[in-house]
Protein chains: 2
Amino acid sequence: MNVVPLEGKILKENDRVAAELRARFQEHGILCLNLVSSPGAGKTSLLERTLESFAPGERVAVLTGDIQTDNDAVRLARAGFPVQQITTGGTCHLDARMIEKALAAWNLEELDLLLIENVGNLVCPSNYDLGEAAKVVVLSVAEGEDKPLKYPAMFFRSELLILNKVDLLPHVPFDLRQARANAQRVHPGIEILEVSSLTGEGLPRWRDWLQARRAALRRSLAAP
Amino acid sequence: MNVVPLEGKILKENDRVAAELRARFQEHGILCLNLVSSPGAGKTSLLERTLESFAPGERVAVLTGDIQTDNDAVRLARAGFPVQQITTGGTCHLDARMIEKALAAWNLEELDLLLIENVGNLVCPSNYDLGEAAKVVVLSVAEGEDKPLKYPAMFFRSELLILNKVDLLPHVPFDLRQARANAQRVHPGIEILEVSSLTGEGLPRWRDWLQARRAALRRSLAAP
């Protein structure tokens, strides 16, 4: 994104809309997660596996952002849960207004988990709050262990790092320990899960993480 | 990047500076290439192998863009050719003014090949002309064959597509034929090379491509 005076104004307006979304999610007891990554880190495959793991009738929906195509929505809709494509038409990130507009088509009473797949971009989406409870950054081990240092804002703003495609570890020069250390350096305390959407390795832990967050939200809403 | 009225103004100013750079490169007989890709597609490793393949004394230099670190410049400088890091400080792409500023430190008379490694981002750098003779887009086979369709502007504006990390083909669900078809669909006639910086496969063809472009530039300058 350009560093220009207008930037601040746009971000302020985005933050305002995001705060409204956050209040609505809270009001309806919806856990909203914003999945971010480079192109090709595997967000869509991870979401496919995640949706497949839910029983029919689970109150889950997905918004998937893309610059041009609706391929991802087509893939994700196969699992039978509500899916909407947001085509940004050239814009390199989702913004809160796009989410607000897409949600107008849904009854929020019927949801308790909203997964947002952002545009594949490790830079710009880090600046745009979508009203999510947490950002989840997905990093493929094929990308290299230096990425947290090179794109620190995204890792700093994410609560969870999913190290994806760990099935490739025998075939790529990726130092898992260094990757973890780099992530902790830019974001001390960040949670890290190792998964492979291809083999299924680690997916139960991701699923447990999701369910724990949903349960925590329910408890906080039930508290007097 | 944001779609705002200011955008047009910034791009127009960038185009003006880029045109000046292009004229200077032409005047000095410098082939300038702008390497673009997702984070982790392997631009830096490819450049390391490329620099290692040049004899000492070749008139080659590299500008490498990054948001935060200077890790890439440290890696690239080992080959002994002039390397400068451009740290964008949060900005998601290089622009022509950054190139102009970096070049002030060098005598262009001493160069005939300038390789620019852009910030890892398949979206925003596509809009910023750096005065290059051509963009070269690097796509790792770990990223998936759908990427040309999802990030069409970048593939449309690149003359050459380097399919990198082909050593991983036995281990990833990547359809090489489909990837080539997708690239040709968004950019009919785009040249495509398959390489692996890890094993060296295909690097001679990339090297030949570079040398052919340098020779063509020399011929065009020598023509009456």
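Values in this text are rule-based calculations from the coordinates and carry no lab data. Since this is a predicted model, take the numbers as computed values, not measurements. No Cβ is skipped: glycine too gets one built from the backbone with ideal geometry, and neighbour counts run over all protein chains shown.
Out of the stretch B:38-136, which chymotrypsin sites (Phe, Trp or Tyr not before Pro) are coil in DSSP terms and have no more than 14 other C-beta atoms within 10 Å?
Those satisfying the criteria are B:Trp106.
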Expressed in angstrom and rounded, the centroid-to-centroid distance over alpha carbons for the stretch B:151-224 and the stretch A:1-65 is 34
Mean separation of Cα contacts under 8 Å (at least 6 apart) over the residue count of chain A, i.e. the relative contact order in percent, is 24
Between the modelled labels at B:Lys9 and A:Leu6 (7 Å from Cα along Cα→Cβ) the distance in nm is 0.7
Listed residues A:Ala102, A:Ala179, A:Ala18; largest mean-square fluctuation, Gaussian network over chain A with Cα springs below 10 Å, found at A:Ala102
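Give me the number: length gained by fully extending B:Phe54 to B:Arg219, i.e. 0.36 nm times residue separation minus the C-alpha to C-alpha distance, one decimal in nm.
Working: separation 165, 0.36 × 165 = 59.40 nm, distance 2.09 nm.
Full extension from B:Phe54 to B:Arg219 adds 57.3 nm.
For the protein assembly as shown, report the convex hull volume of the alpha-carbon atoms normalised per residue, in Å³, without decimals.
On the way: hull volume 64.0 nm³, N = 448.
Here the figure is 143 Å³ per residue.
Let me make sure I get this right: for chain A, a, b and c are the square roots of the gyration tensor eigenvalues over alpha carbons, sorted descending. Under 1.5 in a/c it's rounded, otherwise prolate if a/b > b/c, else oblate. Which is it? Please report the intermediate quantities before stating the final value.
Working: a/c = 1.42, a/b = 1.15, b/c = 1.23.
Rounded.
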Here the whole-number average of other chain Cβ atoms within 10 Å per Cβ of A:26-37 is 0
Contact order relative to length for the stretch A:1-111, counting C-alpha pairs under 8 Å separated by 6 or more residues, stands in percent at 28
Sorting from shortest, the nanometre distances separating the label point of A:Arg205 (7 Å past Cα along the line to Cβ) from those of the same residue in the other copies are 3.9
Per the rotation taking chain A to chain B, min distance Cβ-to-axis on chain A (residue, whole Å) equals A:Ala142, 2
Here the correct list, in nm and shortest first, of distances from A:Leu108 to the same site in the other copies, label points 7 Å along Cα→Cβ, is 5.5
Under the 7 Å Cα-to-Cβ spin-label approximation, A:Leu108 and A:Arg16 lie apart by a distance in nanometres of 1.8
Given the candidates B:Leu115, B:Gly131, B:Ala96, the one whose Cα lies deepest towards the positive end of the charge dipole of chain B, counting +1 at each Lys or Arg C-beta and -1 at each Asp or Glu C-beta, is B:Gly131
Per the helix-only model, the protein assembly as shown has a calculated mean residue ellipticity at 222 nm (DSSP H runs of ≥4, -39500 (n - 2.57) each, divided over all residues, rounded to the nearest 500) of -12000 deg cm²/dmol
